């Protein structure tokens, strides 16, 4: 199954889990954004649940936070 950022599937972040991981590491949104190589505004929108990350951004976040995809994200089919 191929993930796309189009209408077929959405990558949804577990915002509470993200907050927990950031707290454990002592990282701010800015630091996570820098480590993941994404924009600070994008990171803020993801944290507030205003934006769903694309599959490539989700991968960058899991790599930066050193967690498995399923720990931080769920896939929702439309």
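We did not get these values from a lab; they are worked out from the coordinates using the rules stated. Note that the structure is predicted; figures quoted are calculated from it, not measured. Positions of Cβ are generated from backbone atoms using ideal geometry, with glycine treated the same way; all protein chains shown enter the neighbour counts.
From helices alone, the chain scores -15000 deg cm²/dmol at 222 nm; the rule is -39500 (n - 2.57) for each run of n ≥ 4 DSSP H residues, then divide by the residue total. Against the main long axis of the alpha-carbon atoms of the chain, helix 15-25 sits at an angle near 30°.
Spin-label point model (7 Å from Cα, Cβ direction): what's the residue 70 to residue 17 distance in nm? Here the modelled spin labels are 1.0 nm apart. Spread over its residues, the convex hull of the C-alpha atoms of the chain is 85 Å³ per residue.
Relative to the longest principal axis of the Cα atoms of the chain, the long axis of helix 55-65 lies at roughly 30 degrees. Entry note, the stretch 13-66: relative contact order of 38 percent, from Cα contacts under 8 Å with a spacing of 6+ residues.
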